[in-house]
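The structure appears below as structure tokens.
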Amino acid sequence: MDLQQTVETLDQHWNPTAASLYRVSRRTMEQTAHNTVIRDHLGNEFLDFACSYGVFIVGHTQPEIQAAVTAQLEQVSIGAVGVEDQQTQRLSQRLAEMLPGDLNRSYYCNSGAEASELSMRAVITAHPSSDRIVVARNSYHGKTLGALNILGQRGHRLPFGKLADNVVYVDFGDIAQMREAIAGGAAAVFIEPILGGPYLQVPQLGYLKQVESLCREYGTYLVADEIQTAFGRCGKMFGIDYDQVEPDIVILSKGLTGGHAAIAVAVFSERLDRRLRNDIQVDEAFFATAGGHPYSSSAALAALDFIEQKQLVSRAQKQGEYLLSEMRRVAAKYPDLVLDVPGVGLMTGLKCASPAVETAITMMMGRHNIHLGHSMNEKATHPVLRFYPPLTVSHDEVTRCITALEGVLATLGKRPKLFLKLMNALIKRQFTMPRKWLYKITGVKAA
């Protein structure tokens, strides 16, 4: 692979910003991956603590899952719309057995944002007296035009102006604000059990149960977005398990196939489904998404088997406790660089003092051949740099990461404060600055 030629193609035909980032960071190109290790085009090996923000939950290219999807490809991969298949029906039954209460109606989509939009359609239709939706500030539910209506990250919404008139934003974890928003009459609450993305925040135990109680009290539907938290990432099979919550809808994606196929599903409660089908009598086109195929369902079933057989949920809890305690031990020495270390299970991160600190740690850890989940959000004042390894990560691999982090923070802590201040000013302007200036400042030869 010719890296320069690849970046040129990226620049000309897809994403000039990504091309600039490759040039400025001098990052190599990923070529192969297995389990927790990624290899670049030069043969260098990197420990993956990014997992594409949690997608590769079972690790890369696991043979058991590859065998299942290969066998399915030899039969049929994608069926015609409206034609049911055995694998997708098996997956629906499996999810119904795994989820609490009467969450047993699965509607398949091709992305998490699409599943969010389907869920919005459902709750507004089922609650005709109000179209108000309550969401948490800094939450993430997708970036399609419909999902942008309930995106809690203001910076992503601003370019499109005001999209919806009746969306209320509340601080995550503030039950008083939640009560006020719901009591005013709300169709639904969309909430991540653990606030993800560059704003990683774990709520107090009992918070979700309180939200559920408020929803039941005021007749508001509860939608749990488990795209980042499900299938063991947070140390439980689902984030809602911490408070034993039974939502009206659970949205799943990311780790469902372990990254082996694109899939998303909105699982409705039987009660909500009856409300839509029997009381309101929506037609079948209401649920149509063209999602749910033999190939992706086979990947999901194999991934779920792998998670259960390898006991990855309990493993995530155990390794996560070790990772989190060690990250907190190391970070406590550098309060000017790291403000907090939020996390649960293997969903952890460093709340950095600035975007410059986040970028510096990311680049320096890269020199130790460890990939981390950079927020890619230069507008966040204190972004969380994510540590999301596969659930198959070993104790020794966690130790290797902590050892590297200790050295990186020690080195960074010796840098003059002016260095980080200037770096922060550059990062905040990197996407608006003329590229020739950016390249000159960072020493990149003109492309």
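The values are calculated or read from the model by the stated rules, or taken from the named source; none is laboratory data. Small disclaimer: the values here were computed from a predicted structure and weren't measured. Neighbour counts are summed over all protein chains in view; Cβ atoms, including those assigned to glycine, are modelled from backbone coordinates with ideal geometry.
Below are the figures for this structure:
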quantity	calculated
Qualifying positions in the stretch 16-28 - more than 30 Å from Glu64 (Cα to Cα), surrounded by 15 or more Cβ atoms within 10 Å (Cβ to Cβ) and of a type in the set (Val, Ile, Thr)	Val24
Every pair of residues 6+ apart whose Cβ atoms lie under 7 Å, when the first sits in the stretch 237-260 and is on the phi > 0 side of the Ramachandran plot while the second is surrounded by fewer than 24 Cβ atoms within 10 Å (Cβ to Cβ) and in a strand (DSSP E or B)	none
Top-ranked residue in the stretch 410-447 [being touching a residue at least 40 places away in the same chain (Cβ under 8 Å) and within 26 Å of the chain's Cα centre (by Cα); ranked as surrounded by the fewest Cβ atoms within 10 Å (Cβ to Cβ)]	Phe431
Considering residues of the stretch 358-378 that are under 21 Å from the mean Cα position of the chain (by Cα) and part of a loop (DSSP other than H, G, I, E, B) only, the residue nearest to Pro198 (Cα to Cα)	Ser375
Enumeration of residues in the stretch 328-371 that are charged (D, E, K, R) and either outside the structural domain of Glu45 (by TED's automatic domain parsing) or surrounded by fewer than 20 Cβ atoms within 10 Å (Cβ to Cβ) (or both)	Arg328, Arg329, Lys333, Asp336, Asp340, Arg367
Test result for Leu47, outside the structural domain of Tyr108 (by TED's automatic domain parsing), touching a Ser or Thr at 6+ places or on another chain (Cβ under 8 Å) and at pLDDT 90 or above	yes
Hits in the stretch 374-400 (condition: closer than 16 Å to Val55 by Cβ and at pLDDT 95 or above)	Arg386, Phe387, Tyr388, Pro389, Pro390, Leu391, Thr392, Val393
Single unsatisfied condition, Gly79 versus (1) closer than 27 Å to Tyr295 by Cα; (2) out of contact with any Asp or Glu (no Cβ under 9 Å at 6 or more places or on another chain); (3) at pLDDT below 95	(2)
Count of residues meeting criterion [crowded, with 18+ Cβ neighbours inside 10 Å and part of a loop (DSSP other than H, G, I, E, B)] in the stretch 29-56	4
Count of the stretch 217-241 residues which are in contact with a strand residue (DSSP E or B) (Cβ under 8 Å, 6 or more places away or on another chain) and part of a helix (DSSP H, G or I)	2
